[in-house]
Every structure is written in structure tokens, then in C-alpha cells.
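Quick notes on the structure that follows.
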Amino acid sequence: MNQTPPKQVLISEVGMRDGLQSVKSIMPTEYKFKLIDALYEAGIREIEVCSFVPARLLPQMADAQEVVRYALRYPDLTVMALVPNRRGAQNALQAGAHKLTLPVSASEAHSLANVRKTRQEMVQEVREIVALRNEIAPGVKIEAGISTAFGCTIQGTVSEDDVVQLAVQVVAAGADETGLSDTTGYANPAQVRRLFKRVFAEIGDKCGAAHMHNTRGLGMANNLAAYDVGVRTFDSSLGGLGGCPYAPGASGNVVTEDLVFMFEAMGIETGVNIQKLIAARDPLKAGVPQEAVYGMVAEAGVPLTFEQQA
């Protein structure tokens, strides 16, 4: 759990990785730079800017090193990158990323499809990446995100006991934090409350972000449920871009603009200016003009009764 006051949350923007790697279009590097500028100007202070994977597998991420280095110009921005293995971690560390995220699936079937490793092999991968981090960049944070924590489109039901056990294992392997991801859009608020409470009970303040998808319209409700039980970091994607190529039908991250609006309307500070955030959609749409973007607040407008907290 991010150590922030009760009335403050951290919005972690993941659209530049989760969103852009899930669409067919390839955003030109210069538009990625413009998007980082716009997100920072809006007040976003943590961005997952890319993933370090072979360009032949994800050509959308071929400029990962350039994007990380550009983002590093902002001294109070946490520059985050997804890494599936030790090689990716080494490249991300050499580029200067502040935080690495590792996808560790609670579903064995999804793990094999997504990273071609079993769950226990991924726990070992976490251990090896932690050792590498300790050797060459000890200040870098490592997050092991538990994907398919609420169900899997391949396997079906995912045992809550498996999720909790995996969270404990990755923390024991050296991860600084571990969050829960609704990769497939299966979660409901009661399930979110129950599972996050169990994880908090086991690993305390090492319980990290809620990463929810809005595939079935429950993304916002699930984030609020997570907030109610103590989560203070929330992943979301500008324009709602995102999904998982190995979770069929599971498209649609929670829209950053809508998430910020919900918290700010409730008097919970995000540090993000909603009008500037909506304006950040312009470089996103210009960079991937063939892709649809979503968002209720951007479409309907900010109500006259809304007062920005920050």
C-alpha cells in the first residue's frame, strides 16, 4: 500500500504500456514524448512508459529505451517499465527506469500463455531480478503484479488461496510491493474487498496497486471497493486503452479521466488537474488516430458543480 494520507491517492498511468501494446497501431516516438509532456503537465507523477520485450514480439515497444530516457527529464516523475524476465530487467535498469513491474499470473494457464513460464518459475524470475537490481541499481523499486487475480479467460476460476500465497511468495522473493490485477475484467466489488483484505493481512504495507479493467462495467466500482479497504495506488489508462492479448475478450482498462474525476468529486486528492488530463487525450488521439478512445467525463464534460481539490 502506498504510504499516503487517507484522503490522497496515487494515480499510476499505464496507458503508454498496457494501452499502446494492446492496439495494432504503432505510436511514433515523438508522439509518445508529447504524451508524456501532457500527462506530466496534468499532474500525473507515475507513468508506466513502456515494456522491455523483443521488438519482433511487440513492435509498439521498440523505442522503449528512448522513451524511458525522455521521461527521466522530469525529476519528480516515477518512470516505470514492465519487464517479463531478467534480460528485460537489465535493459530497463540500464535505461534508467525508477521502477520495474513484473507480471506474475495467479493462473497457471495464463502464465504459460503470457510469459511461457509457470507461476513458480516466475517467482524465481522475481528473485533473480531482485538480485540483479541489488547489484547494479539498488534504488530501483520492484513491483510484482499478480495478474488474473480475480479469474482467467483460459483457466476459469482462480483460487483466492493461490493469489494470497503467490503474493506472499513474491514479497519473500524480494519484491518491494505486489498489487492485484483484474486482467480479465471478471472482478466484482465484494470479491475485490475480500481478496485485498486477505492480502493486506498477509503482507501489510507491501500490498500495492489495484489494476482494474472495465470489461463488464465494474472497473470504477471495483476501484472504490479497493480504496475502502486501504488501497491507495490505482492503475488506469488515458482514454481507456488496454487489455491483454492472452486474455481473450478482456479489453478496456479503467479510464484515467473518469477515475480522477470520481476521486476528486469525493474530496480525495489525486494531484491531477482534470481539465489538463482531458487535454492530454489530444496527443494520444493524434499518435494513434485509428484507435478508439473512451471516457464518460471527457464525453459529457465536467459538471458545473465540480470543484477541483488540487
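Suppose we keep only residues that are more than 20 Å from the chain's Cα centre (by Cα) and not in a loop (DSSP other than H, G, I, E, B) within region 169-181. Which one would you say is surrounded by the most Cβ atoms within 10 Å (Cβ to Cβ)?
Residue satisfying both the conditions and the ranking: Gln169.
Could you count how many residues in region 33-58 are within 26 Å of Asp76 (Cβ to Cβ) and either crowded, with 23+ Cβ neighbours inside 10 Å or among the hydrophobic types (A, V, I, L, M, F, W, C) (or both)?
Initially, region 33-58 is screened for residues within 26 Å of Asp76 (Cβ to Cβ), giving 33-52.
Now narrow it down to the ones that are either crowded, with 23+ Cβ neighbours inside 10 Å or among the hydrophobic types (A, V, I, L, M, F, W, C) (or both): 33, 35-36, 38-39, 42, 44, 47-52.
Qualifying residue count, region 33-58: 13.
Of (1) over 21 Å from Met16 (Cα atoms); (2) surrounded by 24 or more Cβ atoms within 10 Å (Cβ to Cβ); (3) not acidic (Asp, Glu), Val164 satisfies all except one. Which?
That leaves (2) as the condition not met.
List the helices (runs of 4 or more DSSP H) that sit entirely inside region 253-310 and contain at least 2 residues that are surrounded by fewer than 21 Cβ atoms within 10 Å (Cβ to Cβ) and either of a type in the set (Ser, Thr, Tyr) or at pLDDT below 95 (or both). Lay out the reasoning, then the answer.
Numbers: elements: 256-265, 274-279, 281-287, 296-300.
The helices (runs of 4 or more DSSP H) meeting that bar are 296-300.
Just one of the numbered conditions (1) surrounded by 24 or more Cβ atoms within 10 Å (Cβ to Cβ); (2) not in a helix (DSSP H, G or I) is not true of Ala226; which one?
Checking Ala226 against (1) surrounded by 24 or more Cβ atoms within 10 Å (Cβ to Cβ); (2) not in a helix (DSSP H, G or I), the one that fails is (2).
Leu195: farther than 19 Å from Ser12 by Cα, surrounded by 18 or more Cβ atoms within 10 Å (Cβ to Cβ) and out of contact with any Pro (no Cβ under 7 Å at 6 or more places or on another chain), yes or no?
yes
Within region 103-126, how many residues are surrounded by fewer than 17 Cβ atoms within 10 Å (Cβ to Cβ) and not aliphatic (A, V, I, L, M)?
So the answer is 5.
The values are calculated or read from the model by the stated rules, or taken from the named source; none is laboratory data. All of these numbers come straight from a predicted model, not from anything done at the bench. Glycine also receives a Cβ, built like all others from the backbone with ideal geometry; neighbour counts cover every protein chain displayed.
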